[in-house]
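Scroll down for the structure; my scribbles are underneath it.
The values are calculated or read from the model by the stated rules, or taken from the named source; none is laboratory data. Everything quoted here is computed from the prediction, not taken from an experiment. We place every Cβ from the backbone using ideal geometry, glycine too, and count neighbours over all the protein chains shown. Just so you know, the surface numbers come from the protein's heavy atoms only, side chains and all, with ligands and any DNA or RNA stripped out. Shrake-Rupley method; radii C 1.70, N 1.55, O 1.52, S 1.80 Å.
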Amino acid sequence: MGAWDISVFGNDDAADFSAEFDGADAAETVAPVLETAMDTVLNTTDYVDASEGGTALVAAAMVVAWDHPELIGDDAAYAPDPWPQAELALPSHLRVKAAA
């Protein structure tokens, strides 16, 4: 049975994507995964599949909340737990992609 609610992190696709960050401890590890998820949607000129769109939203939310995971709030049913601890900031171009 799948999990779905109204939050960005409240579905099975988000849970699967968040699992990719287990043990992540560096921006260099996380940034390419986030960028690929966002690029999949940003580079699509056709129909965006729900799972790809949902995963891109999770990636964008993670970029926005990178330094302040409390921004995710109580709706983060499947947000990475623990939140990836990165010693370095994410590349600034990811914020531009997240906004797009």
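When the stretch 38-60 is limited to residues that are of a type in the set (Gly, Ala, Ser) and crowded, with 21+ Cβ neighbours inside 10 Å, the one that is modelled with the lowest pLDDT turns out to be GLY54. Closer than 16 Å to ASP16 by Cα, surrounded by 11 or more Cβ atoms within 10 Å (Cβ to Cβ) and modelled with pLDDT of 90 or more, is that true of ALA77? Against the criterion (closer than 16 Å to ASP16 by Cα, surrounded by 11 or more Cβ atoms within 10 Å (Cβ to Cβ) and modelled with pLDDT of 90 or more), ALA77 does not qualify.
Every listed requirement among (1) open to solvent by 40 Å² or more (accessible area, probe 1.4 Å); (2) within 14 Å of the chain's Cα centre (by Cα); (3) at pLDDT 80 or above is met by ASP22 save one, (3). Taken across the stretch 5-16, residues that are polar (S, T, N, Q), open to solvent by less than 30 Å² (accessible area, probe 1.4 Å) and in contact with a Phe, Trp or Tyr (Cβ under 9 Å, 6 or more places away or on another chain) do occur, with at least one present.
The set of residues from the stretch 25-37 being among the charged types (D, E, K, R) and surrounded by 14 or more Cβ atoms within 10 Å (Cβ to Cβ) comprises just one member, GLU35.
If you check VAL63 against the conditions, is it buried (at least 17 other Cβ atoms within 10 Å of the Cβ) and more than 11 Å from the chain's Cα centre (by Cα)? Against the criterion (buried (at least 17 other Cβ atoms within 10 Å of the Cβ) and more than 11 Å from the chain's Cα centre (by Cα)), VAL63 does not qualify.
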